[in-house]
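Asker: My structure is below; once you've seen it, I'll send some questions.
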2 protein chains.
Amino acid sequence: MNFKIRAATKEDCKDISRMIMELAAYVKAPDQVKISHEELQGDGFCQNPFFECLVAEVPEEQKSKEGFTVVGYAFYFYTYSTWKGPTVYLEDLYVMPEFRGNGIGTGLLSKVAEVAKKKKQCVHLHLSVLDWNTPSRDFYAAKGAQDLTVTEGIHVLRFDGQNLDNLANEAPKD
Amino acid sequence: MNFKIRAATKEDCKDISRMIMELAAYVKAPDQVKISHEELQGDGFCQNPFFECLVAEVPEEQKSKEGFTVVGYAFYFYTYSTWKGPTVYLEDLYVMPEFRGNGIGTGLLSKVAEVAKKKKQCVHLHLSVLDWNTPSRDFYAAKGAQDLTVTEGIHVLRFDGQNLDNLANEAPKD
């Protein structure tokens, strides 16, 4: 299958938004998505973007059943290790089911690694997976990813909603 | 104890660097720190900084045994959720042992929450802890953090070194 991987443009945000919903449905959280394609446009295609995104595109004659030619995306941003310096975090990697098994996921993942190394000299790429998501865990393991939750005991914590508000309200006044 | 929390300046990077080493020693990885204070200056105090940092400072008369007045730091950067929008990641939170128990850690943490909400409308604050680090886990739990590794089964994966190079070398050519 022919496909091309390229940097997303503002015009791709509708496709990205559609696939964010598809991925959320896959991880059993379709009602969690509160971001519109307009917000993606504003947050990713501005002076200081919050993120970068790659998309995978197939030729018109290979379009999806519903008529889409943008069939996968990798959504990432730059982070920083106080031990090692610049790093990159892969927030989402997704390929539409009917296009899987053609190297598109690998293409997107490896392109993020290449861009992050070239552009920001990133020394590692990190991401999160859910423990029940065996296909994804196997995919990343086969590519050489280390599971830091297993090997080093890393846990991810989060403050949100009222807990984040309470925290912010406790801040010392200047 | 009197203390002040303020945004770090370029001139604080020597102190931050010293405390990054102290924190690395605490988490049993002192040989992992490869970043100098000059690199922190370049990466954090430039046109598009990789991170922001707050420091906690005590008055001269309360300085540490070794003569330091900058006694804690919170190191963070902005991230992005494809479900919720802007978020903030707390990479490091540290207070020198002799200054603990005075609300400095809480002050730093809550100030990060406040800054992130005001400046970037962040909807959650996330961070990582090691499973054996009970004091930190208890501290964050008491403030309302949810442990997503326990409640949702989130694992953190990483590609680095040769694995990252291999990945980047696999990238499709443009």
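The values are calculated or read from the model by the stated rules, or taken from the named source; none is laboratory data. A quick note: this is a predicted structure, and the numbers were derived from the prediction, not measured. Glycine also receives a Cβ, built like all others from the backbone with ideal geometry; neighbour counts cover every protein chain displayed. SASA here: full protein model, heavy atoms, side chains in, ligands and nucleic acids out. Shrake-Rupley method; radii C 1.70, N 1.55, O 1.52, S 1.80 Å.
Quick grid of which residues meet (1) of a type in the set (Asp, Glu); (2) more than 14 Å from A:Met96 (Cα to Cα); (3) more than 9 Å from every other protein chain (Cβ to nearest Cβ):
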residue: A:Lys28; (1), (2), (3): no, yes, yes
residue: A:Glu39; (1), (2), (3): yes, yes, no
residue: A:Phe51; (1), (2), (3): no, yes, no
residue: A:Val58; (1), (2), (3): no, no, yes
residue: A:Glu66; (1), (2), (3): yes, no, yes
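Asker: So B:Phe75 fits all but one of (1) assigned to a strand (DSSP E or B); (2) more than 7 Å from chain A (Cβ to nearest Cβ); (3) buried (at least 23 other Cβ atoms within 10 Å of the Cβ); what number is the exception?
Answerer: Here B:Phe75 clears every test but (2).
Asker: Okay, moving on. One residue is enough: does the stretch B:60-68 have a residue meeting the conditions open to solvent by less than 30 Å² (accessible area, probe 1.4 Å) and without any contact (Cβ under 8 Å) to a residue 60 or more places away in the chain?
Answerer: Yes: one or more hits.
Asker: For the subset of the stretch B:95-120 comprising residues that are more than 10 Å from chain A (Cβ to nearest Cβ) and outside any helix (DSSP H, G or I), which member is surrounded by the fewest Cβ atoms within 10 Å (Cβ to Cβ)?
Answerer: That would be B:Gly101.
Asker: Could you list, in sequence order, the residues of the stretch B:18-59 that are within 30 Å of A:Cys46 (Cβ to Cβ), of a type in the set (A, V, I, L, M, F, W, C) and surrounded by 13 or more Cβ atoms within 10 Å (Cβ to Cβ)?
Answerer: The answer is B:Ile35, B:Leu40, B:Phe45, B:Phe50, B:Phe51, B:Cys53, B:Leu54, B:Val55.
Asker: Would you please name the residue that is farthest from B:Ala116 (Cα to Cα), looking only at residues in the stretch A:137-160 that are open to solvent by less than 30 Å² (accessible area, probe 1.4 Å) and part of a helix (DSSP H, G or I)?
Answerer: Among residues in the stretch A:137-160 that are open to solvent by less than 30 Å² (accessible area, probe 1.4 Å) and part of a helix (DSSP H, G or I), the one farthest from B:Ala116 (Cα to Cα) is A:Tyr140.
Asker: I'm trying to understand the selection: among the residues of the stretch B:123-136, which are within 27 Å of B:Tyr26 (Cα to Cα), at the interface with chain A (Cβ under 7 Å from one of its Cβ atoms) and outside any strand (DSSP E or B)?
Answerer: Within the stretch B:123-136, B:Asp131, B:Trp132 meet the criteria.
Asker: Now for a different question. For the stretch B:161-174: of the residues being part of a helix (DSSP H, G or I) and hydrophobic (A, V, I, L, M, F, W, C), which is farthest from the other protein chains (Cβ to nearest Cβ)?
Answerer: Top of the filtered list is B:Leu164.
Asker: Return a yes/no flag: does the stretch A:137-160 have any residue that is more than 8 Å from chain B (Cβ to nearest Cβ) and touching a residue at least 12 places away in the same chain (Cβ under 8 Å).
Answerer: Yes, the conditions are met somewhere in the stretch A:137-160.
Asker: Next up: Taking the condition of being part of a helix (DSSP H, G or I) and farther than 24 Å from B:Asp174 by Cβ, how many residues in the stretch A:15-39 meet it?
Answerer: Matching residues across the stretch A:15-39 total 15.
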